[in-house]
Each structure stands twice: as structure tokens, then as C-alpha cells.
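These notes concern the structure reproduced below.
The values are calculated or read from the model by the stated rules, or taken from the named source; none is laboratory data. From a predicted model like this one, the values you see are computed outputs, not experimental measurements. As a convention, Cβ positions derive from the backbone with ideal geometry for all residues, glycine included, and neighbour counts pool all protein chains shown. These accessible areas exclude ligands, DNA and RNA; they are computed on the full protein's heavy atoms, side chains included. Shrake-Rupley method; radii C 1.70, N 1.55, O 1.52, S 1.80 Å.
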Amino acid sequence: MISQEAIALIIVFAPAIAAAIAGLGQRVLGDRGAMAVTTAVVVTAALLAAYQFLAHVFGDHEGGAHGHTVVIANWLSVGNFIADWAVRIDTLSVVMMFVVTSVSALVHIYSISYMEHDPHRARFFAYLSLFTFAMLMLVTADNFIQMFFGWEGVGLASYLLIGFWYKKPSANSAAIKAFVVNRVGDFGFALGIMAIVLVVQAPAEMLDGAGAVSAAYLQQLGVAEFSSLRFETAFAVIEQNALVQPVGFSGALPIQDVALDFLGLHVDALELIGVLLFIGAMGKSAQFILHTWLPDAMEGPTPVSALIHAATMVTAGVFLVCRASYLYEHTVFAANMITIIGAITCFFAATVGLAQNDIKRVVAYSTCSQLGYMFFAAGIGAYQAAMFHLFTHAFFKALLFLSAGAVIHGLHDEQDMRKMGGLRRKMPIAWAMMLIGTLALTGVGIPAVEGLHIGFAGFFSKDAIIESAYASPDQFGPMAFWLGVGAALLTSFYSWRLMIMTFHGPTRAKQEYYDHAHDAPWIMTIPLALLAVGAVFAGGVFYDAFVEHYQAEFWGDAIYTASENHVLHDRHYVPTWVLIAPAAAWITGLVLAIIFYGLLPRIPPAIGESGGPLHSFLSRKWYFDEIYNFVFVRGAALLGDLFWKVGDKTLIDGGGPNAAAAISKATGSGVSRLHTGYLFHYALVILLTVVAFGAVVIWSMVS
Amino acid sequence: MNLITDLQNSAPEAALAIIGLAAVLIGAIVGEGSRLLIRTIAVAALAGAAVLAAQQYGSGRLEAFGALYVATPFVAFAKIGLYALAAISLLVSGKSLKEAAVDRYEYPLLILFAALGGGVMLSANSLMTLYLGVETLSLPSYVLAAFRRDHVRSAEAGLKYFVLGALASGLLLYGCSLVYGFTGSASYDVIAEADLSIGLTFGMVLIIIGLAFKASAAPLHVWTPDVYAGAPTPVVTFFATAPKLAAVAVFANVMFSAFNGHETDWSPIIAIIAALSMIIGSLGALTQSSLKRLLAYSSIANVGFALIGLAAGVEVGASAILVYMAIYVVGTLGLFVGLLTIRKDGEPLDTIDDLNGLAKAKPLVAFGMTVLIFSVAGIPPAAGFWGKLAVFQAGLEADLLWLVLVGVVASVISLGYYLRVVWAMMVKPSDSTLDRSDWVEVAAVVGASVAVFPVLTITIQSLLDAAASATLG
């Protein structure tokens, strides 16, 4: 029996080795070899992670309750600036390891068939495994620096995979857009880490002569070593409101009272850290304002969209906020900001989803919207519900994406839903899978009946969030609740719209495409089936552990809830209409969708063609791209042009290197011209030298 | 002192002279048929002389012929390089000589006697011995430059070299006579003790000019590009390496031993010569299209770098000069042999464009030459970098910051043409087919490149130590 630690290490590092083998040895291994290696390794990792997760859920919870860390190597060690390469094993990371490896394994399998005709399959699989490794590094970090490493690693893998078809200009620009927008968020994250290091410093009186932290202080915090970068230290300091002496401060004071000057504002240090870290989360998780990259990222191959841009990477922001629950439980402004941004995103993305015609873009906006749910859940303090939704969402959203991929694959790479329709007869399996995904996404289940817990995965997690929002005493709880219910209605509408436009009614596809349309091969169907199992059962089975009876034991110290935070408990006492509201919302959405797209299919295109302001507002995604283009892209281009053409080319190059080169060249040709080839010129030079040097010596002797 | 001891103490030169004269006899009697034999004898004699010089290196200061001849570790170090380089340049030029139809039995003999002259002037401890050595080196050199006498440019090169060389020799001799007149002796030891006077100073300046001419330092470099461009490439391979090393070492030896007491007087002049050499060499090379001219200017610049060590004075500069020159000549030898290997229809090619696509046609040669160019340009980790570092350090220790700055700027400018050559070899496409290379030549290029990197880079400390201990004696 191998130990728990060894299992975790294998899970994390096996994909890295697979990525290296497939990436560096693709010429030796060939496509098939690279696919076999990466898929086999990731599937193994997934099986181990599943074992680890199930043992954790159904076994004793001791392992997760007291998270522990396996240190692999020291990375940085400068005074109190200590960071290790480590694998932290607690409930959060165990859940994430399971989600990441299982979806990744299924996507690997799916891609074997999906990418069948791609000449660069080996590269693709190497990237997939690289991504898996980076994501695992992120979720198993025990300190902010390693987390940042993983954070950037998934960003890189995402960039590489969005731009995988690098000959397509749109894929390249989408990759760059994703990278640049993420940079904005990453900058916030990095600033947040710096702020933590700045603030979390032991007070001077707790240091001994050599500058080491005293044992008393360590004991007070309950840590073995003081490192502001480690979650353990930073969170212990915040939880205990311990005395700290930030860099540049002359005295020590409790951390919750520390205020910093930032951008001319005098702000509470914890609020500042919270906001900065959340900006990082906004970038990675495509939240309102920084969401524009996600729909464009659909330029990547569909399995990539399923793995990175639906199930795992985009949830990293939610994971970060839940990981930092110790911090957000002690902030007001930052937590409210999360609630507001999350609620707005959840509603906004759903409205945009109404008017998209690209099947993948609809699912992408749906992802964006669901991430909004997770964030506002975390914002109001229901971190467990956020993680639960993250968990279930991973299955049904990956299912939706991969089903969409199956449709696209079977229909000659067509992505426009206006050119689909009637595919149910041609692709019964894809239809069934998509149906399950839609039922899970819209949250179909039986509410408000005690003891009868029947429903799809999304039902349990989404309703838990909506109920929590209603029960929350937070100022912005009601807003989140109403936006959440509204978004549920919209979600239902656009999801059924997708179903109807794709699978029902008369076909609008080209006849020859329609005739050749077919269901996906079995190797693509297996992952779909497994994900469908998850989409159906992940909610009901794990409901108790994640958000109900055992949640406190299950999460242990991985998620911290302040003593005054009862939101998970209070949601049981909401009025019955609150329980029914989400169901009413999805039923309304379904009915509307049937009316508009099933019964009166001529109306929506007419609305689209009439080009009304609301429709174009939605189909143009609230004009975000246009505004960003105008303000940032063109502004940056103008500024860049100024620096490049005037500053660099004219002033710096013109005055520096180019001028120096021109002078050298001119002098050089002058020197060679002096070289006439005439003997008497040469002799003259020699004699002149004699005279000159003689003069120099005599002059220096005289003076 | 008897003759036997004298001959023992001057063993390398004595052996070379005796073998050389014997080989002349063989050649005169047997005629052209003895070409290969004489070439073998010459290579063996030069290699043997290098070994004998190595023995001198370990024996401290040796005197012969009433202290007219002195071998110190410093000159012995230079002589090892001189003889070894002469031997190698003779060894690798066989094929090119044949192609150029100048493979005659006189050729190895001329090289042998030139090297002998180099050895004599290195070991000179008197102005007369110095002059004797300089002329023994120069006269065969003039003949060698014009060795392809039916070739206009070769003949022109020989004539120019001869006329200007005669002028420089005259200046040198004039300087010697002034110094003799004002100190009453031609011996370095006596001159070193003499009081400063205007006659001595002016004589010193003339000697400096004569020696700078031999070392082709600016502004006495005027002959170099024309001679390098006109003379047959095997001859230039010799010129650019063995005599160059000897000339710089002699320059240093004379200044350090005969005029050591007047360092403040000659140091500024040497500094000016060094600066001019670096600037003119680097700028002049920028606009050249002929590789041999380019390498001529490059050699002028590199002599300038070596002279930084001379300007820095004996304590800090002497070993730097030896290290710099030793590394430089190895690189240059490799580069010229590289040029020898590039032939089309038996004709050596010369412009930079001729190197286009060499990486495809002769990857081994192209790669070796790239390494050599990096070394000559002083790019780490090739050995040339350490040589440059040594002279720059010496310059800084002697408070010659301005000179070092000129050196740094010149180094940067020089990359402009060095990298142009690499660019041609590595990037540009080729449009011509080249002859097959002789394996000896390829081996020499590769050997030289392996020597500058990694061998000399790894063993740089022992080279530095050897040069340092050579200058202590």
C-alpha cells in the first residue's frame, strides 16, 4: 500500500513527465506514442486522484481535516521569504486534483479521436499534459509563489492551446488576447502577493538578535517556520489577528488594523490584499470587465475549451478565493466586491448568451455566467457552495463542450447553430448527452420536498448558492439572489435554445453535410458517457459532504468560516418560494425557448434581422470588445507608435546605434580611402609619424 | 665562455642556422626534386627549435656570445610560439603552394630563415643583434611576399614591402646609432643604466617606430593591407602569425629591458600607437570586401590591443602581452588556413561573399571558423575573451582607463565586420561549388578552433601562470 503522500506526488508529477516525454521525444515516439504515453499517464493519475478523493469523502476525514504538506524541495529561502516546492494535501486540493485529472483524462481520451487528422497531435497532447501539471501545481501549492508558478503555467498552456492552430490568424489573435487580458489580472495577483509579503512580517520585538523569529511567536501562530509566503503562516496571522510589523513601519500592530497607502489612498491592508488577489482571480476566471478573452478562446480545439476554458483553469480564480477564505472572512469591501462582480457576471454573461449563434460561444458565455455564481457564493461566505458548484460544473460543462465538439465534428466543422437543426435523428447519442448536460446546467430537480433529493448535479449546487444568497445577511445578498434567479431563467432559455436550434426542427444545414452527419466514434463517446454520469450524480452523491451535514468535517481547516458566518446553515430556513424560484426560472426559460424556437421559429431571425438596439447590444456582447479596442488597443497602439517611431527609431536608434554605425562606416571608408596604394603616400605617413612622435617627446621633455 | 657553451645556450637558433644552411646546399645540389625533402627538414627543424626553446624556457636567463645573445623565459615563451607557428604554417600550406604553382624548394628555406631571424631578434641583448635579427627576418619576408613573382599583385606587394621595410630599417638603424652615440654602448644592460638625454629619447622614438612598423601598428601599418592582399595566402598565413608574435614580443622586450627606466617617456607614445591601431584597424576593416584585407586590418587592431599591455608597463603588462598574442595567433592561424581551404577550380577565393553558404558546403570548416572568429573578436567563452580581459586588466591597473575605453569601443565596432563574416558563412545561400578541401587544412582549422575553445578556455589559468612566470625571470 503506497502512502497518501506518494499518491499525491504521482498525481502531480506524472503529467509533467508525460508532457516532457511527449514534447521532447515526439520525433522518436511519433504521434501514436505521444498520445499513448500522455493519455496512459493522465488516466493513471486520474484513477489515483479518484481513489484519493473517494477515500477522503467516504473514509475518515482526518487526512483532509488537518491538511498537511509534502515538501519536495526548497525553492527560495531568504530570511523570512521562504517558499518550497510542495504538495499540500487537504480537502480543497484533493477535490481539485480529482476534478483536474479526471476531466483531463477524459479530454485526453476524447482528443485521440477528435484530433485524429491533425498533423501536430503529439504537440497537442504534450500541451494538454503540461497544462494538467501546471494546474495541479496551482492547486497543490502551499505558498503563494508556487501558486503563482502554476497560475502562470496554466496561462502559458492556455495560450499555447488557444493558438494551437497557429496558421489561423483568428486563433493567434485570440491567444494573444487571452494572454494580455490575463496579464492584467496576473499583475493584480502579483501585487497582492507583494502586499502580503509587505504586511506579514514579524514584529521587531519578536525577532532575536540574528533576525530570526522567536519561538514564542511561532508557537503563538502554531507554525514551525515563519514565512509570509506560506498559506499556513499568512492565514494563521490573519486568523489570530496577530501583531505584525509591515516593512517600513516603526511599530507593531494587529494585522487587521494595518493600513497602507496605495495609489494615494489610505486603505486597510487586508482589504487591499483581498482586492488585488481578486483582480487576479477575475482575469483567470473571466469575470466582468476582464471576461473578453474567454469567448475568443473558443478558437482553440474543442477539447481544450472543455478542459481549460470550462472545467479547470477558469475555476482557478474561484479556487484562489476559497483558498484565501481566511482572508476574505475578515474583509468587507473585498468580499462585497466579489459578490457584486460575480453577480453582475452571472447575469451579464447570460444575457449575452441569448444572442450568440456560435454553439461554442453560447457554452462559453454560459461558463462565464456559472463562474459568476461561484464567485458571488464565495463573496457572501458560502465557499463550500462555491466549491461544490465548481465541482459539479466541471462535469456538466465539460460534457456540454465535448458534446458540442461531437456535433461540430460530425457536421463538417460547422459551428453556427443557424446552419444546424434536426440533428437528433442523425446524432442520437450527442443529443442525449447534450440533453443531460443541459438538464444539469439548468438545474433540473425536485425542490422544496423534504427527504426527496432528486435532481441533476447543477440542481444541488446552484440551488445551494441561490438559497445562500437569499439567506445571507450581506448588504449585497439580495442583489446576488435576484440576479442569480434571473440568470437561471436566461440560462434555461439559451440552453434550450441551443438544444432546439441544434437538434430539433427542420434542418438548415447544407444537404450534403446533413446527409453525412453522424454520431461520434465510440472513443469519443466513452468520455461523454462518463461525464454524463458525473453530470447526473455528482450533485446528489456529494451534496452531504460538500454543503450539508458533514461539510464541517469534510472541509476541515481547508476552508475557514468565521464564527459569525452561518450562511450555509441559515439557507435551510428560507421561505419555500425561494426554493421554488430557481425551478420556476428554468421552467419559464424552457417554455419561452419552446415558444420562440420550437413553435414560432420565424420570430427570432426576424428580430435579428431587424437589428433592434437590444438585440445588437446583446449580440455585440454589450460592446465590450469595441470599447476596449477603442480605449486600450488603439490607445496602446498610438502610444506604442509614438514610442516606437519617434522615441525609439528616431531618437534612440537614430541618435545612438544607427548614428554610431553610420559614423563608424563613414570613418571606415575614410580610413580605407586614405589607403591610396601609392608608395610615396605610405612613406610620407611614416616620416610624418617620426616627426609627430619626436615632437611629442621633445615637447614633453621641455615642459 | 667557449664556443660550445655559446652554441648550447643559443641552441634553437644555432640548430636552425646549421640545418638551414645544410638544406640550402641540398637544394642547390639536388634541385627541385628535393622540394618534399626540404619541406620535411624545415618542418622538423622548426619543430625541434620549438622544443629547444621550451628547454630554454625552463632554464632561466642564458647568455651567449658575450651577452650579445640572451634568452630569458619571456623570449623563450615567444620563441616557442614563433617556431611552432612557423612549422604549422609550413605544414598546412603544401596543397595551396601546389595550386598556386609556387611550390619550390626555396619556400621552406625562406620561412626557416625568417623564423631564425625572429628568434635572433627576440634573443638580442644588443642593438646590433636586434638589427641583425630584424633584417634576417625581413629579407626573406620581402622575397616571400613576392614569391609568386609572375603575379602582378604579389610582385607589387613584395616591392612595396621592401621599399617601406627598408625605410623602417633605416629609421631603426638611425635610432640605434643615436642611442649608441648618447650612451656609448649598444648593450641593453648599459642603455638601461644610462641617464635620460634628448639624443637617447629621440633615438628611442626612432627605434619604437622601426619596431612598430614590424609589428604593423598604426600609423606604421600602411604596408599591411597591401601586402596581405597581394602576397600568396600561404605566405600571409605565415606573416600574420609567427613574425607578428615575434615582432610584438621583441617590441615589448626592447622597451622592457633596454628602456625600462624611461617608461614614463615611452608609455604615452605606445598608448597613442595602441589607440590608433585599434581605431584604424577596426574602422578600416568595416568597409573591406576582401577577406585578406579585412584580416589585415583586424591584425592591426589586435596588435593595438596587445600594445595596451606594453603601454601598461612591465610589471602588469608583460604577461598580458604574451597571453594575448599567444591566443590571437592561434586564432589567426586557423582563420587563414580556413581561407586556404576555400578554393574554386584551384584558385583561392577571397571576398566575403565567397564564404556564402559555407556552413552548407563545408560545415566543419564553417563551424571551426566561426569559433575562431568569436575568439579573435573576444567573445566569451572563447579564449580570445580571456586574452582581451588580461590586457584590459593590465591597462586598468596602469591607470590607462581612456585606452581601455578606446579598446572597448573598438571591440564593439569590430563585431560589425566579424559578424558579417559569420553571417555570410551561416546564413547566406551559396551559389558556387567549391573544391574539395585538403584534410590537413581542415584538421588545422578544426584543431585551432578546438584549441581556442574549449582547450585554451579550460586551461587559461595555466597559460596565465606560464606567462606570469615567464615575465618574472
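Take the stretch B:223-235 and flag every residue that is at the interface with chain A (Cβ under 9 Å from one of its Cβ atoms) and open to solvent by 10 Å² or more (accessible area, probe 1.4 Å).
From the stretch B:223-235, those at the interface with chain A (Cβ under 9 Å from one of its Cβ atoms) are B:223, B:225-226; that's our starting set.
Within the stretch B:223-235, B:Trp223, B:Asp226 meet the criteria.
So which pairs qualify, if the first residue must be in the stretch A:505-526 and over 14 Å from A:Arg425 (Cβ atoms) and touching a residue at least 40 places away in the same chain (Cβ under 8 Å), the second must be charged (D, E, K, R) and surrounded by 13 or more Cβ atoms within 10 Å (Cβ to Cβ), the Cβ gap must be under 6 Å, and the two must be at least 6 apart or on different chains?
Within 6 Å, the pairs are A:Arg508/A:Lys419.
Conditions (1) of a type in the set (Gly, Ala, Ser); (2) assigned to a helix (DSSP H, G or I); (3) in contact (Cβ under 8 Å) with a residue 12 or more places away in the chain, marked per residue:
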| site | (1), (2), (3) |
| --- | --- |
| B:Asp6 | no, yes, yes |
| B:Ala15 | yes, yes, yes |
| B:Ile26 | no, yes, yes |
| B:Glu32 | no, yes, yes |
| B:Arg39 | no, yes, yes |
| B:Val43 | no, yes, yes |
| B:Gly48 | yes, yes, yes |
| B:Glu63 | no, no, yes |
| B:Ile80 | no, yes, yes |
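Does A:Thr44 count as part of a helix (DSSP H, G or I), under 19 Å from A:Pro527 (Cα atoms) and touching a residue at least 60 places away in the same chain (Cβ under 8 Å)? Walk me through how you get there before you give the answer.
Details: part of a helix (DSSP H, G or I): yes; under 19 Å from A:Pro527 (Cα atoms): yes; touching a residue at least 60 places away in the same chain (Cβ under 8 Å): no.
No: the conditions fail for A:Thr44.
Give the residue that is farthest from the other protein chains (Cβ to nearest Cβ), with candidates limited to residues of the stretch B:190-221 that are open to solvent by 10 Å² or more (accessible area, probe 1.4 Å) and within 26 Å of the chain's Cα centre (by Cα). Spell out how you get there, then give the answer.
Here is the first cut: in the stretch B:190-221, the ones open to solvent by 10 Å² or more (accessible area, probe 1.4 Å) are B:190, B:192-198, B:202, B:214, B:219, B:221.
From what's left, within 26 Å of the chain's Cα centre (by Cα): B:214, B:219, B:221.
On the way: B:Lys214: 12, B:Pro219: 5, B:His221: 9 Å.
Ranking the qualifying residues of the stretch B:190-221, first place goes to B:Lys214.
Test of understanding: among B:Gly395, B:Gly378, which residue is open to solvent by less than 10 Å² (accessible area, probe 1.4 Å), at pLDDT below 95, within 14 Å of B:Phe305 (Cβ to Cβ) and not aromatic (Phe, Trp, Tyr)? Please lay out each step first, then the result.
Numbers: B:Gly378 fails: open to solvent by less than 10 Å² (accessible area, probe 1.4 Å).
Criteria check complete, one pass: B:Gly395.
Of the residues B:Ser169, B:Ser141, which is within 14 Å of chain A (Cβ to nearest Cβ) and under 15 Å from B:Lys214 (Cβ atoms)? Break it down into steps so the answer makes sense when it comes.
On the way: B:Ser141 fails: within 14 Å of chain A (Cβ to nearest Cβ).
Result of the check over B:Ser169, B:Ser141: B:Ser169.
Could you tell me whether any residue of the stretch B:433-443 is surrounded by 17 or more Cβ atoms within 10 Å (Cβ to Cβ) and under 23 Å from B:Ile300 (Cα atoms)?
Scanning the stretch B:433-443, I find no residue that is surrounded by 17 or more Cβ atoms within 10 Å (Cβ to Cβ) and under 23 Å from B:Ile300 (Cα atoms), so the answer is no.
Restricting to the stretch B:332-350, name every residue that is of a type outside the set (A, V, I, L, M) and under 12 Å from B:Lys244 (Cβ atoms). Don't jump to the end; show me each part of the working.
Keep residues of the stretch B:332-350 that are of a type outside the set (A, V, I, L, M), which gives B:332, B:334, B:336, B:338, B:341, B:343-348, B:350.
Of everything in the stretch B:332-350, those that are of a type outside the set (A, V, I, L, M) and under 12 Å from B:Lys244 (Cβ atoms) turn out to be B:Thr332, B:Phe336.
Would you mind finding the one in A:Val200, A:Val244 that is surrounded by 21 or more Cβ atoms within 10 Å (Cβ to Cβ) and over 27 Å from the mean Cα position of the chain (by Cα)?
Numbers: A:Val200 fails: over 27 Å from the mean Cα position of the chain (by Cα).
Matching residue, one of A:Val200, A:Val244: A:Val244.
I'd like to know if the stretch A:596-611 contains one or more residues that are out of contact with any Leu (no Cβ under 6 Å at 6 or more places or on another chain), free of Cβ contacts under 8 Å to residues at least 60 places away in the same chain, within 30 Å of A:Arg230 (Cα to Cα) and surrounded by fewer than 21 Cβ atoms within 10 Å (Cβ to Cβ).
no
Among the numbered criteria (1) open to solvent by 30 Å² or more (accessible area, probe 1.4 Å); (2) assigned to a helix (DSSP H, G or I); (3) not charged (D, E, K, R), which one does B:Pro429 miss?
The number of the failed condition is (2).
Scan B:Ala45, B:Ala23, B:Ala53 and give me the residue that is at pLDDT 90 or above, crowded, with 19+ Cβ neighbours inside 10 Å and closer than 22 Å to B:Ala318 by Cα. Explain how you work it out, then say what you get.
Numbers: B:Ala45 fails: closer than 22 Å to B:Ala318 by Cα; B:Ala23 fails: closer than 22 Å to B:Ala318 by Cα.
Only one candidate passes the filter, namely B:Ala53.
Among what's in the stretch B:270-296 and is within 10 Å of another protein chain (Cβ to nearest Cβ) and either surrounded by fewer than 22 Cβ atoms within 10 Å (Cβ to Cβ) or under 10 Å from B:Ala218 (Cα atoms) (or both), pick the residue that is modelled with the lowest pLDDT.
B:Thr287
Assuming A:Phe459 fulfils every condition listed in (1) outside any helix (DSSP H, G or I); (2) over 14 Å from A:Ala382 (Cα atoms) apart from one, which condition is it?
Tallying (1) outside any helix (DSSP H, G or I); (2) over 14 Å from A:Ala382 (Cα atoms), A:Phe459 fails exactly one: (1).
Given the structure, is A:Phe148 under 15 Å from A:Trp85 (Cβ atoms), aromatic (Phe, Trp, Tyr) and part of a helix (DSSP H, G or I)?
Details: under 15 Å from A:Trp85 (Cβ atoms): yes; aromatic (Phe, Trp, Tyr): yes; part of a helix (DSSP H, G or I): yes.
The answer is yes for A:Phe148.
Tell me, yes or no, whether the stretch B:328-345 has at least one residue that is open to solvent by 60 Å² or more (accessible area, probe 1.4 Å), part of a helix (DSSP H, G or I) and in contact (Cβ under 8 Å) with a residue 24 or more places away in the chain.
First pass over the stretch B:328-345, keeping only residues open to solvent by 60 Å² or more (accessible area, probe 1.4 Å): B:344-345.
With the extra rule that they be part of a helix (DSSP H, G or I), the set shrinks to none.
No.
With touching a Ser or Thr at 6+ places or on another chain (Cβ under 7 Å) and within 27 Å of A:Ser672 (Cα to Cα) as the only criterion, which of B:Leu355, B:Leu349, B:Leu335, B:Leu307 stands out?
Working: B:Leu355 fails: touching a Ser or Thr at 6+ places or on another chain (Cβ under 7 Å); B:Leu349 fails: touching a Ser or Thr at 6+ places or on another chain (Cβ under 7 Å); B:Leu335 fails: touching a Ser or Thr at 6+ places or on another chain (Cβ under 7 Å).
Going through B:Leu355, B:Leu349, B:Leu335, B:Leu307 in turn, the sole match is B:Leu307.
If we only count helices (runs of 4 or more DSSP H) wholly inside the stretch A:603-703, which ones have 1 or more residues that are within 13 Å of another protein chain (Cβ to nearest Cβ), over 36 Å from the mean Cα position of the chain (by Cα) and aromatic (Phe, Trp, Tyr)?
Details: elements: A:603-610, A:613-619, A:624-628, A:634-641, A:657-674, A:679-702.
Counting at least 1 such residues, we get A:679-702.
What residue, among those in the stretch B:68-78 that are open to solvent by 20 Å² or more (accessible area, probe 1.4 Å) and not in a helix (DSSP H, G or I), is farthest from B:Leu464 (Cα to Cα)?
Start the filter on the stretch B:68-78 by keeping residues that are open to solvent by 20 Å² or more (accessible area, probe 1.4 Å), which leaves B:68, B:72, B:77.
Narrowing the set further to residues that are not in a helix (DSSP H, G or I) leaves B:68, B:72.
Numbers: B:Leu68: 29, B:Thr72: 17 Å.
Among them, the one singled out is B:Leu68.
Being more than 30 Å from A:Ala50 (Cα to Cα), in contact (Cβ under 8 Å) with a residue 40 or more places away in the chain and buried (at least 24 other Cβ atoms within 10 Å of the Cβ): is that true of A:Ala343 here? Full working, then the answer.
Values: more than 30 Å from A:Ala50 (Cα to Cα): yes; in contact (Cβ under 8 Å) with a residue 40 or more places away in the chain: yes; buried (at least 24 other Cβ atoms within 10 Å of the Cβ): yes.
Against the criterion (more than 30 Å from A:Ala50 (Cα to Cα), in contact (Cβ under 8 Å) with a residue 40 or more places away in the chain and buried (at least 24 other Cβ atoms within 10 Å of the Cβ)), A:Ala343 qualifies.
Mind listing whichever residues of the stretch B:246-265 are open to solvent by 10 Å² or more (accessible area, probe 1.4 Å) and either within 14 Å of chain A (Cβ to nearest Cβ) or at pLDDT 95 or above (or both)?
Kept after step one, since they are open to solvent by 10 Å² or more (accessible area, probe 1.4 Å), are these residues of the stretch B:246-265: B:253, B:256-257, B:260-265.
Hits for the stretch B:246-265 are B:His262, B:Glu263, B:Thr264, B:Asp265.
What residue, among those in the stretch A:499-516 that are open to solvent by 10 Å² or more (accessible area, probe 1.4 Å) and of a type in the set (A, V, I, L, M, F, W, C), is nearest to A:Ala432 (Cα to Cα)? Talk me through it step by step, then tell me what you get.
Kept after step one, since they are open to solvent by 10 Å² or more (accessible area, probe 1.4 Å), are these residues of the stretch A:499-516: A:500-501, A:504-516.
Right, trim to of a type in the set (A, V, I, L, M, F, W, C) and you get A:500-501, A:509.
Details: A:Ile500: 13, A:Met501: 15, A:Ala509: 20 Å.
In this case the residue turns out to be A:Ile500.
Taking only the stretch B:98-126 into account, find how many residues are assigned to a helix (DSSP H, G or I) and farther than 22 Å from B:Ala53 by Cα. Before you say what the answer is, go through the steps one by one.
Of the residues in the stretch B:98-126, the ones assigned to a helix (DSSP H, G or I) are B:98-99, B:106-123.
Subset that is farther than 22 Å from B:Ala53 by Cα: B:98-99, B:106-107.
Qualifying residue count, the stretch B:98-126: 4.
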